Amino acid sequence: MFEYTDIKTAPAALGPYSQAVMAGNTLYASGAIGIDPETGKFAGEDVQSQCEQACKNVGEILKANGMTYDNVVKTTCYILDMSEFKDFNEVYAKYFTSKPARSCVAITALPAGALCEVEIIAVK
């Protein structure tokens, strides 16, 4: 049986999907963008501010499922501009200190005009 996460301390899904799904001992989280759940607005207009908030949002989803960043085994990251890769990494590295496997790609657009998105898979 699957458990679906719907927590108020992270932004609600922007479409017909769950924030995360627990399947057995594995958590599959939808991509988190840099929206502040209290204001419903982006945490800032630069990739570092938005990455910071996206990582905090991931942390809230992990916490709601009894996990921490150390439980993350894989991330998939999306950024709009690969020239901001270094700035993105500086923030990302503060949260994912266990260095999970990762893919990071530049794409042409993200939901709501976000500059970055962080998706995770974590295991209890």
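The values are calculated or read from the model by the stated rules, or taken from the named source; none is laboratory data. All figures in this text were calculated on a predicted structure; none of them were measured in a lab. Please note: Cβ atoms are built from the backbone with ideal geometry, for glycine as well, and neighbour counts cover all protein chains shown.
The set of residues in segment 23-82 that are among the basic types (Lys, Arg) and under 20 Å from PHE96 (Cα atoms) comprises LYS56, LYS63, LYS74. Residues being out of contact with any Phe, Trp or Tyr (no Cβ under 8 Å at 6 or more places or on another chain), modelled with pLDDT under 95 and not in a loop (DSSP other than H, G, I, E, B) are represented in segment 64-82 by at least one member. Annotation for segment 84-106: no member residue is in a strand (DSSP E or B), buried (at least 20 other Cβ atoms within 10 Å of the Cβ) and touching a residue at least 40 places away in the same chain (Cβ under 8 Å). Within segment 58-69, residues that are touching a residue at least 60 places away in the same chain (Cβ under 8 Å) reach partners that are assigned to a helix (DSSP H, G or I) with beta carbons closer than 9 Å, at six or more positions or on different chains, in the pairs VAL58/TYR69; VAL58/TYR95; LEU62/TYR69; LEU62/ASN71; ASN65/ASN71. Just checking, does segment 41-49 include any residue being surrounded by fewer than 17 Cβ atoms within 10 Å (Cβ to Cβ), of a type in the set (Phe, Trp, Tyr) and modelled with pLDDT of 95 or more? Among the residues of segment 41-49, not one is surrounded by fewer than 17 Cβ atoms within 10 Å (Cβ to Cβ), of a type in the set (Phe, Trp, Tyr) and modelled with pLDDT of 95 or more, which makes the answer no. Only one entry in LEU115, LEU110 is crowded, with 18+ Cβ neighbours inside 10 Å and more than 23 Å from LYS63 (Cβ to Cβ), namely LEU115.
Residues that are within 19 Å of LEU115 (Cα to Cα) and of a type outside the set (S, T, N, Q) occur at least once in segment 14-27.
Of the candidates LYS86, LYS94, LYS99, LYS56, the single residue that is closer than 20 Å to ALA12 by Cβ and either in contact with a Gly (Cβ under 6 Å, 6 or more places away or on another chain) or modelled with pLDDT of 95 or more (or both) is LYS56.
Residues that are among the hydroxyl-bearing types (Ser, Thr, Tyr) and under 13 Å from the mean Cα position of the chain (by Cα) were ranked within segment 73-102; the one that is nearest to SER49 (Cα to Cα) is TYR92.
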